[in-house]
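Report on one structure; see the data block that follows.
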Amino acid sequence: MSTQSSKADVFRSMHHGPHILILPNAWDSASARVFEESGFRAIATTSAGIAFALGYRDGQRIPRKEMLDHVARIVRVVHVPVTADVEGGYGDRPEDAAETACAVIEAGGIGMNLEDATGNSARPLVDLPLQIEKIKAAMEAGRALGVPLVLNARTDVYLAQVGAPESRYQETLLRLTAYREAGADCLFAPGIRDAATIAKLTEDLKFPVNILAVVGAPSVTELENLGVARVSVGSGPMRATLGLIQRFARELKQQGTYSALENAPSYDEINQIMAREIHDLG
């Protein structure tokens with residue numbers, strides 16, 4: 001636990017460095033190894049990517065144990081800190097968020113995303129007082145186990161297009177401010193992609209902000225200049241990989257050719273990346 005705790009402290013410090021923290025999102029052991037081999041200082045998981053890889057729809061349809069077992073496999077194949085995307089904490093109570101935080105630690109993770117989306121169109125966001133209690137419960141669970149989890153508190157106001165467009169910024173600011181006061185280490189507002197709104201959010205919060213990188217969003221350098229502390233890519237790389245598989249499948253089925261494989265790394269290159277021993281969490 002001391003090593004895990006130290007990794008959590010190191011990861012937390014990455015949110016306050018002179019440069020933006022770039023977090024690629026892995027969905028399996030192979031993608032995690034490739035990201036680490038590429039030189040990233042830390043890795044996040046993608047809940048949607050893992051769910052898709054295991055044959056589930058996104059949105060807390062995957063059982064918590066199955067998700068965290070997969071996170072544990074990712075942790076075991078890399079040396080860098082791993083933070084886990086655990087959706088809404090797999091339950092509606094603060095106790096569920098605490099149990100999920102404990103499961104993240106047991107899996108070897110040093111951080112977690114906790115979102116406020118419900119998946120219910122009639123009530124798209126968790127009531128603010130309850131979400132605050134869930135954040136506090138998750139943080140306290142980590143402290144009780146001796147691993148100060150780095151909690152990335154996410155609001156889906158923009159991503160789920162909650163309310164009238166003109167009301168979304170204030171609702172986002174209200175929720176993220178409350179999550180900051182509840183003890184979160186970083187604040188996440190996926191769905192925001194225009195530079196002016198991002199700059200206003202970082203200025204108003206004066207706290208580490210995570211932005212989701214998507215096509216059309218500012219570049220990493222631009223985000224850093226806008227005051228963003230952390231950028232992640234979510235399920236984007238996994239979906240891009242599935243897109244390649246779709247193109248290959250169409251080509252193979254319709255033309256009987258294989259040009260989609262032309263830029264694939266060689267067998268030897270990937271085998272070498274996978275050659276390192278898997279380390280034991282115990």
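Taken together, the values in this text are just the output of simple stated rules run on the coordinates, not laboratory data. The shown structure was predicted, so the numbers you read here are calculated from the model rather than taken from an experiment. With ideal geometry, Cβ positions are generated from the backbone for all residues, glycine too; neighbour counts draw on all protein chains shown.
Report, by residue number, each residue of the range 17-34 that is surrounded by 14 or more Cβ atoms within 10 Å (Cβ to Cβ) and either more than 22 Å from residue 268 (Cβ to Cβ) or of a type in the set (A, V, I, L, M, F, W, C) (or both).
Listed by number, the residues that qualify are 20, 21, 22, 23, 24, 25, 26, 27, 30, 32, 34.
The C-beta contact set for the range 129-153 (first residue within 11 Å of residue 8 (Cβ to Cβ), second residue surrounded by fewer than 18 Cβ atoms within 10 Å (Cβ to Cβ) and of a type in the set (Ser, Thr, Tyr), distance under 9 angstrom, 6+ apart or interchain) comprises 146/2; 146/5; 147/5; 148/5. Selection of the range 35-45 for residues being out of contact with any helix residue (DSSP H, G or I) (no Cβ under 6 Å at 6 or more places or on another chain) and crowded, with 18+ Cβ neighbours inside 10 Å yields 35, 36, 40, 44.
State yes or no: is residue 101 under 20 Å from residue 66 (Cα atoms), within 15 Å of the chain's Cα centre (by Cα) and among the aliphatic types (A, V, I, L, M)?
Working: under 20 Å from residue 66 (Cα atoms): yes; within 15 Å of the chain's Cα centre (by Cα): yes; among the aliphatic types (A, V, I, L, M): yes.
It is true that residue 101 is under 20 Å from residue 66 (Cα atoms), within 15 Å of the chain's Cα centre (by Cα) and among the aliphatic types (A, V, I, L, M).
Among residues of the range 103-143 being surrounded by fewer than 23 Cβ atoms within 10 Å (Cβ to Cβ) and of a type in the set (S, T, N, Q), the one that is nearest to residue 75 (Cα to Cα) is 118. Scanning the range 51-71 for residues that are surrounded by 17 or more Cβ atoms within 10 Å (Cβ to Cβ), under 23 Å from residue 120 (Cα atoms) and out of contact with any Leu (no Cβ under 7 Å at 6 or more places or on another chain) yields 51, 52, 56, 60, 64, 67.
Output the number of residues of the range 160-203 satisfying the condition of being in contact with a Pro (Cβ under 8 Å, 6 or more places away or on another chain) and closer than 21 Å to residue 231 by Cβ. Show your work before the answer.
To start, the set of residues in the range 160-203 that are in contact with a Pro (Cβ under 8 Å, 6 or more places away or on another chain) comprises 160, 162, 185-187, 193, 195, 198.
Keeping just the survivors that are closer than 21 Å to residue 231 by Cβ gives 160, 185-187, 193, 195, 198.
The total comes to 7.
Report yes if some residue within the range 6-16 is surrounded by fewer than 20 Cβ atoms within 10 Å (Cβ to Cβ) and assigned to a loop (DSSP other than H, G, I, E, B); otherwise report no. No: the range 6-16 contains no residue that is surrounded by fewer than 20 Cβ atoms within 10 Å (Cβ to Cβ) and assigned to a loop (DSSP other than H, G, I, E, B). If we scan the range 194-206, do we find a residue that is surrounded by 19 or more Cβ atoms within 10 Å (Cβ to Cβ), in contact with a helix residue (DSSP H, G or I) (Cβ under 6 Å, 6 or more places away or on another chain) and either within 28 Å of residue 104 (Cβ to Cβ) or among the aliphatic types (A, V, I, L, M) (or both)? There is no residue in the range 194-206 that is surrounded by 19 or more Cβ atoms within 10 Å (Cβ to Cβ), in contact with a helix residue (DSSP H, G or I) (Cβ under 6 Å, 6 or more places away or on another chain) and either within 28 Å of residue 104 (Cβ to Cβ) or among the aliphatic types (A, V, I, L, M) (or both). Selection of the range 176-196 for residues being touching a His at 6+ places or on another chain (Cβ under 9 Å) and either in a loop (DSSP other than H, G, I, E, B) or of a type in the set (D, E, K, R) (or both) yields only 185.
For the range 207-232, a residue qualifies if it is touching a residue at least 40 places away in the same chain (Cβ under 8 Å) and either in contact with a Cys (Cβ under 9 Å, 6 or more places away or on another chain) or surrounded by fewer than 18 Cβ atoms within 10 Å (Cβ to Cβ) (or both), and the qualifying residues are 208, 210, 220, 224, 229, 230. On the stretch given as the range 70-107, residues that are part of a helix (DSSP H, G or I) and under 21 Å from residue 144 (Cβ atoms) total 16. Looking only at residues in the range 147-175 that are assigned to a helix (DSSP H, G or I) and in contact with a Phe, Trp or Tyr (Cβ under 8 Å, 6 or more places away or on another chain), the one that is farthest from residue 108 (Cα to Cα) is 168.
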